[in-house]
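Trainee: One structure, as structure tokens, below. Some questions next.
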Amino acid sequence: MNARPSDVAARFLYSARMVSLSNSQMRDLKAQAQRLKASLKVGKQGLSSNFFAALDHALQHRELVKVKFDEFKEQKKELSLQLAQKSGSHLVMQVGNVVVLYRPKPREEKLA
């Protein structure tokens, strides 16, 4: 699915319905994240609309995504919170220049 960057922001509105994760769920996600390699990198363009489109695509295919900060390392704490908020995902952990985001795949409603 090729979405325009402006359409991507509209899809993140369902994040208000997200339920917080339990401690055991967070622990399991952190364990899974240890084996992952960074699938996205924040570069010179920062958190652009194209980056959010790529993040949305990654979260649609994999619920757990690791993002590495190659640039903007001084602002990584603030930017990682923005990443989670704008992508409608949970910030699982932040270690060094790497953050892990989790967004469960939406359940498909069965048609009667």
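Trainee: Among Gln45, Gln75, which is among the polar types (S, T, N, Q), surrounded by 13 or more Cβ atoms within 10 Å (Cβ to Cβ) and either at pLDDT 85 or above or in a helix (DSSP H, G or I) (or both)?
Mentor: None of the others qualify; the one that does is Gln75.
Trainee: When Val99 is evaluated against the numbered criteria (1) surrounded by fewer than 20 Cβ atoms within 10 Å (Cβ to Cβ); (2) of a type outside the set (S, T, N, Q); (3) over 17 Å from Asp28 (Cβ atoms); (4) touching a residue at least 24 places away in the same chain (Cβ under 8 Å), which criterion, by number, is the only one it fails?
Mentor: (1)
Trainee: Farther than 26 Å from Ser20 by Cβ and among the acidic types (Asp, Glu) - does that describe any residue in the range 78-97?
Mentor: no
Trainee: Does any residue of the range 79-95 turn out to be part of a helix (DSSP H, G or I), modelled with pLDDT of 90 or more, over 27 Å from Arg107 (Cα atoms) and not acidic (Asp, Glu)?
Mentor: Yes, the range 79-95 contains at least one residue that is part of a helix (DSSP H, G or I), modelled with pLDDT of 90 or more, over 27 Å from Arg107 (Cα atoms) and not acidic (Asp, Glu).
Trainee: What's the number of the condition Phe12 fails, among (1) at pLDDT 90 or above; (2) surrounded by 16 or more Cβ atoms within 10 Å (Cβ to Cβ); (3) of a type outside the set (Ser, Thr, Tyr)?
Mentor: Looking at each condition in turn, Phe12 falls short on (1).
The values are calculated or read from the model by the stated rules, or taken from the named source; none is laboratory data. Model, not experiment: these values are computed from the prediction. Because the Cβ atoms are built from the backbone with ideal geometry, glycine has one as well, and the counts that use them run over all protein chains shown.
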